[in-house]
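Have a look at the structure below, then the notes.
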Amino acid sequence: MRGLNRLHVGLALSILLFLALGYWLVKPKLPDQPPYLSFSADIDGTKAWKELLSTKQKAIKEWRLNWKNLPNGEAMLLVALQPSGVTKADRDELLDWVRKGNDVVLFDRNPEGWKLWGTELAGEIGKDSTKDSTKNSTKNSTKDSTNSTKESASVSTIRVSPDYTSAEGLLTGRVDTPYRIKPGGNGRVLFEDEHGVLASRIEEGSGSITVVLTPNWMQNGTIDQESHFELVWPLFAKSWDAVWVDETHHGFGTKPGLLAVYPAWLVLASVQLGLALLLWLWLRGKRFGPVHTPRAWTVRRGDEGVHAVAAWYERLGYQHEALAHQQLFLRQLLHQRWGLSPSASALQAAEAARGRMSEAQAAQLARLLEEPPASGGSEGPRAAKQRGVSTQAFVQRTREMGEMIAYLEKE
């Protein structure tokens, strides 16, 4: 029993060692995603801020289309965290969207190209790091360069506008950008450090654009450090109908769907035209259910051969032959009923019929046993036979022949 227990323990330890060794050798690595992604839980992502904001706002969604496709309406917010590859056309589209009554919060270490404000190097801070900061603000910035910038960032004392936040005490922040917003103009300063303005808000039309030079404060690993949360959270104190987080300029853009490509009036007109077409088809008696094939089209008739032969007789003009067949059947029936020879003449048949049927029926029987009349002409009997009888005479004689046969069968 003791040996059996040792065997079980050894087997269990071997299995655990095998599993641990296999996991250590083939341990899956998580993909190294770019920084500032709102759906990234990595240390340089911004998912923590997004999850917290979702408890305060009505709807928070990712924006993955071009800025020219921003939704129509007002009272909406677009948050762009260190966007890359922003063109002049994108900026113009965004400004038009803001003038309609929407807001934009832009986190960018060096927002170049915007006409609403300018940036400049803050004293001696940027002399040794200008090249690195410019590299970090380009489209090909990586996680390693961002981390190296964080290590060299200095903690600064932050001064805030009196009506910006109610946070008390000394506010500090780790500033990793050598740039500052140029003073002056129509911008409202939100907070600054000893080297210059770090956040400013400009009213544009019915909306506003807020630029913040410290996007690193929004990351999961730094938002709870220093006074970062207290400084950025008041930016989102307002209530919006919808909050969009830009992911297009992080490399996660998508093309609009088929319906989004065409104008709304054209889509509506196409839908109405399609409904009108369906209604027209319905009124015309078209049905969209299963199709049932008539049984007569698939089941062979018992007299199909007879109908086929009759059709060929009619097409080839063999009425005379058809009447001859009927006359032969009538003679066979007379032989069965009265014992009359099949080669008997019409007069002999009329004599035999007297006493069995009326004079009119006897005369009709004699006429039916005679040669059928020709369709006319001066030709001889042989030519008339080849030509056949007329259709009217054929129908009349066939009807009389059928009545006579039916009479004899009942007798």
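The values are calculated or read from the model by the stated rules, or taken from the named source; none is laboratory data. A quick note: this is a predicted structure, and the numbers were derived from the prediction, not measured. FYI the Cβ positions are ideal-geometry reconstructions off the backbone, even for glycines, and counts take in every protein chain you see. The area values use the complete protein model at the heavy-atom level, side chains included, leaving out ligands, DNA and RNA. Shrake-Rupley method; radii C 1.70, N 1.55, O 1.52, S 1.80 Å.
Among the criteria (1) within 30 Å of residue 82 (Cβ to Cβ); (2) modelled with pLDDT under 90; (3) surrounded by 12 or more Cβ atoms within 10 Å (Cβ to Cβ), the one residue 261 does not fulfil is (3). Scan the stretch 38-45 and give yes if some residue there is of a type in the set (S, T, N, Q) and under 20 Å from residue 208 (Cα atoms), otherwise no. No, that holds for no residue.
Just name the residue that is surrounded by the most Cβ atoms within 10 Å (Cβ to Cβ) out of those in the stretch 332-354 that are closer than 14 Å to residue 366 by Cα and of a type in the set (D, E, K, R). Only one residue fits best here, namely 351.
Inside the stretch 41-62, residues that are open to solvent by less than 20 Å² (accessible area, probe 1.4 Å) and within 22 Å of residue 254 (Cα to Cα) make up a count of 2. For residue 32, are the conditions met, namely being among the charged types (D, E, K, R), open to solvent by less than 30 Å² (accessible area, probe 1.4 Å) and outside any helix (DSSP H, G or I)? It is false that residue 32 is among the charged types (D, E, K, R), open to solvent by less than 30 Å² (accessible area, probe 1.4 Å) and outside any helix (DSSP H, G or I). Checking 410, 385 one by one, the residue that is at pLDDT below 90, over 23 Å from residue 317 (Cβ atoms) and over 60 Å from the mean Cα position of the chain (by Cα) is 410 and no other.
Among the residues of the stretch 97-132, those identified as touching a helix residue (DSSP H, G or I) at 6+ places or on another chain (Cβ under 8 Å), at pLDDT below 70 and either part of a loop (DSSP other than H, G, I, E, B) or of a type in the set (Val, Ile, Thr) (or both) are 126, 129.
Exactly one residue among 253, 285 is at pLDDT 70 or above, closer than 30 Å to residue 35 by Cα and either in a loop (DSSP other than H, G, I, E, B) or open to solvent by less than 90 Å² (accessible area, probe 1.4 Å) (or both), and that residue is 253. Look at (1) at pLDDT below 80; (2) out of contact with any helix residue (DSSP H, G or I) (no Cβ under 6 Å at 6 or more places or on another chain); (3) surrounded by 10 or more Cβ atoms within 10 Å (Cβ to Cβ) and you find that residue 279 fails only one, number (1).
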